[in-house]
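The values are calculated or read from the model by the stated rules, or taken from the named source; none is laboratory data. All values derive from a computational prediction rather than experimental measurement. Virtual Cβ from ideal backbone geometry, glycine too; neighbours counted across all protein chains shown.
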Amino acid sequence: MKQYIPNALTLLNLLCGSIAVIFAIENSFIAASFFVFIGIFFDFFDGFAARKLNVQSELGLQLDSLADMVTSGLVPGIVMFKLLKMVGPSWIETVKSIEYNRTDGLEFSNPMIYYFLPFIGLSITLASAYRLAKFNIDTEQQNYFKGLPTPANALLIISLPLILEFQNNDTINAVILNKWVLIGLTIFSCWILNSNIKLFALKFKNWGFKDNAVRYVFIILCLVLLIVLKFAAIPLIILLYIIMSVLDKKTTK
């Protein structure tokens, strides 16, 4: 019976991701983010349960990646698509204005192509799929990750509409809703997912501080940032995670 527990948790992750997809399509970003958070919670504990119950299996590994593909791959791609679509009208009008001025009033450009630019956001989904496939056949990533894990990347992307909704700061909003920032973040996301940068995993072999100093410090800093900055802390936490991993000499041990 115990061998079914981790897979059941993985399926709950998939269920949460599927619900999040529906909410994201309907522009209900808060609800979508909630189910992504819950899905990532199940994603963390399915592996934990498998290790504690000693029931790791190839089926569980494949099922975990399939669930992650939805919760941490498809959802952030849709969210980025929606954000780029939100700022779409501004760049269409800019292009129309430029072309109008260049031709002394004779507009000849077809701005329809700019309606398709939001689909750039779905490249996050493609990059996530590629990363998950690589992870499944990589035997080295037992105690560390190569590239940003898909759940961490999903948190980075879904934090953007949460910041817009709850922080409501004009300066921050202007940055997030800048088309070039969103495109740049999309490119960065695709790159960091599949980079060879080695990042520490939050797996504790023991609870000693000496062996887990970077993990304890990271968790404490995360809590402080979340208390002070709330959702705006999430992008900083991802950046902190990358920097601390690069500086930590024990990451690959």
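Some points to look at:
- Qualifying residues in the range 117-158 (those that are within 17 Å of residue 200 (Cα to Cα), of a type in the set (Ser, Thr, Tyr) and in contact (Cβ under 8 Å) with a residue 12 or more places away in the chain) - the one surrounded by the fewest Cβ atoms within 10 Å (Cβ to Cβ): 144
- The condition of being within 12 Å of the chain's Cα centre (by Cα) and part of a helix (DSSP H, G or I) holds for residue 151.
- Some residue of the range 44-61 being surrounded by 22 or more Cβ atoms within 10 Å (Cβ to Cβ), under 21 Å from residue 131 (Cβ atoms) and modelled with pLDDT under 95: yes
- Sole exception among (1) outside any helix (DSSP H, G or I); (2) closer than 25 Å to residue 2 by Cα for residue 27, by number: (2)
- The one condition in (1) farther than 27 Å from residue 115 by Cα; (2) surrounded by 20 or more Cβ atoms within 10 Å (Cβ to Cβ) that residue 41 fails to fulfil: (2)
- Summed over the range 16-35, the residues that are crowded, with 24+ Cβ neighbours inside 10 Å and in contact with a Pro (Cβ under 8 Å, 6 or more places away or on another chain) give a count of 1.
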